[in-house]
Amino acid sequence: MCRTVVMYVALVVSPLSMAAPLEIVGRATVVDGDTLAVNQKRVRLWGVDAPESAQQCSTAQGARWPCGRRAATALDAYLEGRTVRCVQRDVDRYGRSVGECFVQNASVNAWMVRSGWAVAYREYAARYVEEEHRAKARKQNIWQGAFQMPADYRRAHRATQARSTPAQPAPATGG
């Protein structure tokens with residue numbers, strides 16, 4: 001006796017999964033090297049990590065320069081007041097949209113890494129690793145000398161802040 005078993009797999013599609021991804025479109029202002037404000041909404045560039053605003057990098061000769069501020073300035077110059085379209089991929093713990101942004105269909109995220117103003121944020125995505133390798137090989141911008149990875153800089157800065165903040169006295173209780 002031969003039995004044929006036919007299995008059917010039902011794909012349940014919710015109305016939410018059919019919805020188009022959220023897009024935020026408008027003129028952008030640069031908050032820092034990896035964050036934009038578009039129509040009063042903060043958008044963190046997905047998959048990239050730029051030096052923090054106060055972060056310093058070094059040239060090949062050891063001279064320090066304000067790479068965090070310059071990354072933000074380069075991003076501002078690249079956008080040139082043009083319309084930006086950001087496609088949301090996530091929302092971060094600060095409530096910011098996290099997405100890939102485009103100017104005239106060119107990825108702003110990829111441009112930041114390819115130009116050596118940001119690194120591929122491997123903790124969240126590997127999409128821009130090749131752009132990073134190219135910028136590093138050309139010794140572009142942050143890759144011209146030594147620098148601390150932005151995530152490491154933030155961790156070190158938080159640790160320094162925690163050590164330098166005095167403990168608050170416990171509130172007095174009545175009795």
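The values are calculated or read from the model by the stated rules, or taken from the named source; none is laboratory data. On a predicted model such as this, the values are computed, not experimentally measured, just so you know. Methodologically, a virtual Cβ is constructed for each residue, glycine included, from the backbone with ideal geometry; neighbour enumeration extends over all protein chains shown. Remember, those area values only see protein heavy atoms, side chains included, never the ligands or the DNA or RNA. Shrake-Rupley method; radii C 1.70, N 1.55, O 1.52, S 1.80 Å.
Could you pull out the chymotrypsin sites (Phe, Trp or Tyr not before Pro) across the range 35-129 that fall in loop regions by DSSP (anything but H, G, I, E, B) with no more than 12 other Cβ atoms inside 10 Å? It would help to have the intermediate numbers written out before the result.
Values: sites: 46, 78, 94, 102, 111, 117, 121, 124, 128; in loops: 46, 94, 117, 121, 124, 128.
Here the sparse-neighbourhood loop sites are 94.
Please identify the GluC sites (Glu not before Pro) of the range 99-143 that satisfy two criteria: DSSP loop assignment and at most 12 other Cβ atoms within 10 Å. Which are they?
Working: sites: 100, 123, 130, 131, 132; in loops: 123.
The qualifying sites are 123.
Quick one: which residues, 5 or more positions from residue 28 or on another chain, have an amide H under 5 Å from its amide H? H modelled 1.01 Å from N in the peptide plane, none for Pro or chain starts.
84
Of 25, 48, which has the most accessible area and how do the rest follow, probe 1.4 Å?
Numbers: 25 70, 48 0 Å².
If we order 25, 48 from most to least accessible, we get 25, 48.
Can you run phi through the Karplus equation (6.51, -1.76, 1.60; θ = phi - 60°) for the range 141-146 and list ³J(HN,Hα) in whole Hz, with x for Gly and Pro?
Using θ = phi - 60°, the values come out as 6, 5, 7, 6, x, 8 Hz.
Would you mind checking which residues have amide H under 5 Å from residue 119's amide H? H placed 1.01 Å from N; only 5 or more apart, or other chain.
The list, which skips near neighbours in sequence, is 49, 50.
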